[in-house]
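Just below is one structure, and these are the notes that go with it.
Nothing in this text is a laboratory measurement; each read-out follows from the coordinates by a stated rule. Being a predicted model, the structure only gives us computed values, none of them experimental. Glycine also receives a Cβ, built like all others from the backbone with ideal geometry; neighbour counts cover every protein chain displayed.
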Amino acid sequence: MCSGASRALLWGGAGTLPETHAHMKPTDTLPALVQAFVEDGAYAAELLTEFMRHVATVARPYPAAYFALSDKSDASVDDLGHRSFTVCARIEKGRFPFEGRAPFQTFVSESMDGRTIRYHSFYAKLSITREILRDDYARNIRRDPVLRWRAELYGNVGTVLKAHCTAVPQGRGVPPKWALSGPGLRVMQPLSVMESRLRSMDDHSVESLVLGALKMTGSMSQSQLTNLLAAVLPPPPSEEAPATSPNEAIAERMDIRAAVAQAWQELEPLDQHLVIALARGDAYEDLIARDPRLQHKVAVSRAVSRVGKLFMQRVVEHLDLPASPDMTPRALMEPIIGVLIDLHPQEFEGASS
Amino acid sequence: MSRSTYESLFDGPQGGDPAEDMVRALALAGRLRRSAYELATDEMMEGTWVEEVADESEMRLAADDRSLTERTYAGGGYTIVVQRTLEGVHVAQQLSGPSGATLRLADKWIPLEPGVSVELPLDGMPDLLVLMDLKGREISLR
């Protein structure tokens, strides 16, 4: 027994309406394809083809850094299309408009039309496809030395903005812009002038450059300031990002996953709260909101000591790796955080995957 | 004060106590993850790589209680309501204004009669309708 959507598609094939509506113009078939897929598991190939077409369009302007392993090719765009389809079909999303449902299920339940389905799946700024691109980009940022430098710069710019500037809201979902606190008229300068004036400054600390830039304009977003400072500051020495990081392989090893799981179980709740806050990169206010006992300096110091010793004993000693300049504590912690997020997604909610 | 103790962890390994350096490395890796994610999210929400910006006013959202299957156009003393049927057909009806008007949709002319429904060759709700009255004047209805 197939649903109405499947019957409609069966009468004329995808793209054609049933005979009773033959006098009308062909309508958008996407809603019927999604409905047939959700209700009968039918027309998966047709729906996937439709997905691949739109994903290829969305992906066109993105640079390689947004694709798996920083490689933009036919294969990686196809891979993006498949992953986008899989998320829509199977992954429950918490945010609006999905609210705990898989996107395809939402499209059917809310009787969304084709344009709305395409909007949420591909073309919105916050679409399923663009979320996957964003996540791949965030992962590549951590692997590529130049991109990592930009992310660290972005974090440092944010620290200066929060300490010295005022956020200017830009509307729902759009990151705020930042302006200097206090009154005063400022003459807005073209970006090229700002760049050259910042270059000529004696003090090239992030704080001086950010405040100097904002004196020459009305307001800027954190990422715009990051781009500006990245153009002014000398870039890091370029080195090629490894195709696959040895750390990623570590995160996949069963013995390592078991060791991380064991270490986590042995931590006291207070220690776990510290690890969660650190892995999420939380500010101090978030830490003490999570566990007020961590307001006390002694509590933090003891938790640091316990966590450090336990991870040394259970995980690092378990690695049994030859000494290598790549195997710094920092390089090892990246896959360990990955394992913790995999094993305890709810506790680490908010930490990027 | 535990703030300085906590925040100093993000300065990275100091080459002292290896156990504490592990925690410092954890803090640094966590902060980098956050910065990378926030940078990527900011660029996404700023639409850095968005070529086509969809008109959100025409998007149908789950919590949106506006009718997307009906829209009323008015101008020059005329009022026309356009409804989209379940089958996806657009149907217009003149609610007010003198008789004898004609709708112009691209190269198609559709005569209107007050109170009578007529089918329109439309794919979606247009932003405006163009109508010719009996005197041949062109009137835009929004």
For region A:189-205, what does the Karplus curve 6.51 cos²θ - 1.76 cosθ + 1.60, with θ = phi - 60°, yield as ³J(HN,Hα) per residue in whole Hz, taken in order and with x for Gly and Pro?
-> 10, x, 4, 5, 5, 4, 4, 5, 5, 5, 4, 7, 5, 6, 8, 9, 6
Taking A:134, A:95, A:330, A:199 and counting other C-beta atoms within 10 Å, the order from fewest to most = A:95, A:199, A:330, A:134
Using θ = phi - 60° and Karplus 6.51 cos²θ - 1.76 cosθ + 1.60, couplings along region B:39-50 (whole Hz; Gly, Pro as x) | 4, 5, 5, 4, 5, 5, 6, 7, x, 3, 10, 8
At residue A:146 and residue A:159, where each label point lies 7 Å from the Cα along Cα→Cβ, what is the point-to-point distance in nanometres?
-> 2.5 nm
Compare B:114, B:18, B:98 in a GNM of chain B, Cα atoms joined below 10 Å, and give the one with the largest fluctuation.
-> B:18
Would you mind checking the pairs B:108/B:135; A:93/A:297; A:177/A:297; A:72/A:93 and listing those with alpha carbons more than 30 angstrom apart?
-> A:93/A:297; A:177/A:297
Computed for region B:100-142: size of charge dipole around the Cα centre, +1 on C-beta of each Lys and Arg, -1 on C-beta of each Asp and Glu, debye to nearest 20, value 180 debye
For residue B:50, distant residues with modelled amide H under 5 Å away = none
Dipole of region B:71-142, positive end: most advanced residue of B:90, B:76, B:141 [Cβ charges, Cα centre] | B:76
Per-residue Cβ neighbour rank within 10 angstrom, fewest leading, A:165, A:88 | A:165, A:88
Between residue A:101 and residues 5 or more places away or on another chain, the pairs with built amide H atoms under 5 Å apart involve A:93
Karplus couplings for region B:121-135 from phi (6.51 cos²θ - 1.76 cosθ + 1.60, θ = phi - 60°), rounded to Hz, Gly and Pro as x?
-> x, 10, 9, x, 6, x, 6, 8, 10, 10, 10, 10, 8, 4, 7
Exposure proxy order (Cβ contacts within 10 Å, fewest to most) of B:3, B:84 | B:3, B:84
Multiply the residue separation of residue A:73 and residue A:309 by 0.36 nm, subtract the distance between their alpha-carbon atoms, and state the gained length in nm to one decimal.
-> 80.5 nm
Under 5 Å, built H, 5+ apart or other chain: amide partners of residue B:120 | B:90, B:91, B:92
